[in-house]
Amino acid sequence: MAAIIDKRLNRSQGGARCHQALILSLLVLGFWVVGAGSMVPSGAQASEADATLRSIATGGRLYDNWARELEKRRPKNIHPLYPADGPLADEPAETWRCVVCHGWGYRGSEGIFRSGPNATGIKGISGMAGAPEKTVIKAIAGGKHGYDRYFDKKALKDIAAFVRFGQVPMRNHIDEASGRVKGEPTGSAELFATVCGSCHGVDGTAMQEIPSIGDETRDDPWQGLHKMLNGHPGDAMPALRVFDMASIVDLLAYQQTLPSADALIRVTRGGMLYDDWGREIKFQYPKTPHPAWPKNRKVAPGTSSWRCVECHGWDYKGTEGIKGITGMAGADPRDVMNVLADETHRVDKTLKHKDLWDLATFVTRGQIDMGEFIEPGSGKARGTKTKDLVYFSALCATCHGEDGTEVRTMPAMGRVAKDNPWKALHKILNGHPGETMPSWQVALTPQGIKDMMASLQSLPEKRF
C-alpha cells in the first residue's frame, strides 16, 4: 500500500510541476504583470492559470470536433477553404473540423497529413503558437474561415488558447515514419487500469463507441495523444494535460501494447448487423421507409428497408438496381464507416462506433464469393448431403430438430435453404442477429459448409 501511495504522490507531484511550469510560461508570455522580486503567482493568478488550462483543453476538443463539443449542427456545404478535390469533399460536414485540414500533429501539409488519405495540401497551425489572442481569433473568425457564425466569444477564446498554448511537439514523442510512441510502456499498467480502465476496460476493448484502444493508438497515435491531453468532444473523458508529459507519453506507449479486438469476432458480428442490425442492437426501425429506399419498391412500414441486406443482397451483389457491397471488399474499414454516416445511409446516429466498426469490418473483410458454395443458376449447394449427417445432427438439430422444423419463429430450414440458399449460407457463416446461433465459418472447413448446405436443402420444406 505504501508503494502505491508513493506512486500516486509522485504522479501528483509530476502534475504539480507541470501545472507550475504552465503558470510560469503563461506569466513569461505576458498573461500577468509580475511584481518585482517574485515569480510565484498569487492566489488570483493561480486561479486564472487553472481557468486557462481548462480553456486550452476545451479548445483542443473544439479543434477536434467543435460541432459535437458545442452540440451544434455542422454546415451542409463544403468549407470554403477545403480543396474541391480533397479526400472528404463528398462529406462536406467533415470539412469544417479543424483537424481535417491541419492534422493531429498540427503541422498540416508539413506533418503526418503531408501524404496519404488525409492529405489536403493545407498548412498547419504550428506557426500560430504563442501568437497574440486577437491575431488568432481574427484568423479563425474572419475571412473564409468564418467560424464567428458558429462560435460564441467563449468558444473563440478557448480555441485560440489551444492554438496559442496547447500544441505539443508530437515529433518529439511519436516517430512519424512508424507511428511508434517514444515512451516506456513498462510501469504504466496500473495508471491505465485506474485512470482509463473504468471506461475502456483493463485491456482497452470494453467501450462500444470506439475500436479497441490498442488498435486505435497503433493506427493513429497522434489522435490518441491529442485526446489524452484534451479529452473527447462532447464526452466525459478527462483531459490529462495537467500531468507531466513523460507520464502521458509512457501511458500512450503502454496503450500501443494492448490487444486488438478479435478481427474474426468483428467480422461475424458485422455479418449479423448486415443481416438485421435493428434486431442485433434491439432497435425498433422507423415506420417510414429508409430515405434511400427506391420509391417504386413496396416495403412493409418500418421493417426491411432499413436492413443492409435488403438493398445489397444476401450475395452482396445488390438488388433491383441498387449496387452491392462487393466493390468495398478489401477497403479501409474507415472508408466504409464514412459511407455509413453519409446522407444516403444515415445510420451513425443510431449505431455506436463499435457497431459501425464491426459492420465495416464485415463489408471489407467478411464477404465471400458465394458462387464457390452455391451454383449461381440453380441455387444448388456444391456439397454432398450424405457426408454431413453427423455435423447436422450434432450442431443444428439440437435447436432446429432432425428435420429442421422445430424453430417456430422461422420457416422450415429446408424451405429457406432451397428458396434462398444465399441467405442460409450467410447465417451459417455469421450467425443469426439477436440470437445465440453460432458462427460456423471457423469450426467447419469450406467443404464441410458445402455439405451442410446440401443437407439443409434435403430437409422437408413444410412442417407436418
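The values are calculated or read from the model by the stated rules, or taken from the named source; none is laboratory data. This one's a predicted model, so the numbers in the text were calculated from it and none came from an experiment. A quick note on method: Cβ atoms are made from the backbone with ideal geometry, for glycine too, and the neighbour counts reach across all protein chains shown.
Miscellaneous remarks
- Some residue of region 330-338 being among the aliphatic types (A, V, I, L, M), in contact with a Phe, Trp or Tyr (Cβ under 6 Å, 6 or more places away or on another chain) and not in a helix (DSSP H, G or I): no
- Residue within region 96-112 that is under 26 Å from ASN77 (Cα atoms), among the hydrophobic types (A, V, I, L, M, F, W, C), over 24 Å from the mean Cα position of the chain (by Cα) and assigned to a loop (DSSP other than H, G, I, E, B) present: no
- Subset of region 47-95 that is of a type in the set (D, E, K, R) and in a loop (DSSP other than H, G, I, E, B) - its residue that is farthest from the chain's Cα centre (by Cα): ASP85
Residue-wise test of (1) more than 30 Å from THR58 (Cβ to Cβ); (2) among the hydrophobic types (A, V, I, L, M, F, W, C); (3) outside any helix (DSSP H, G or I).
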| site | (1), (2), (3) |
| --- | --- |
| MET237 | no, yes, yes |
| LEU251 | no, yes, no |
| ALA261 | yes, yes, yes |
| ILE265 | yes, yes, no |
| GLY271 | yes, no, no |
| TYR274 | yes, no, no |
| TRP277 | yes, yes, no |
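- Residue match in region 365-373 (condition: modelled with pLDDT of 85 or more and in contact with an Asp or Glu (Cβ under 7 Å, 6 or more places away or on another chain)): yes
- Here LYS317 passes the criteria (1) surrounded by fewer than 20 Cβ atoms within 10 Å (Cβ to Cβ); (2) closer than 29 Å to ALA443 by Cα; (3) touching a residue at least 24 places away in the same chain (Cβ under 8 Å); (4) in contact with a strand residue (DSSP E or B) (Cβ under 9 Å, 6 or more places away or on another chain) except the one numbered (3).
- Whichever residue in region 304-329 is assigned to a loop (DSSP other than H, G, I, E, B) and of a type in the set (Gly, Ala, Ser) and, among such residues, is farthest from ALA261 (Cα to Cα): GLY321
- You will find that of GLU110, GLU133, the residue that is of a type in the set (Asp, Glu) and more than 30 Å from ASP250 (Cα to Cα) is GLU133 and no other.
- ASP355 over 30 Å from GLU71 (Cβ atoms), out of contact with any strand residue (DSSP E or B) (no Cβ under 6 Å at 6 or more places or on another chain) and of a type outside the set (Ser, Thr, Tyr): no
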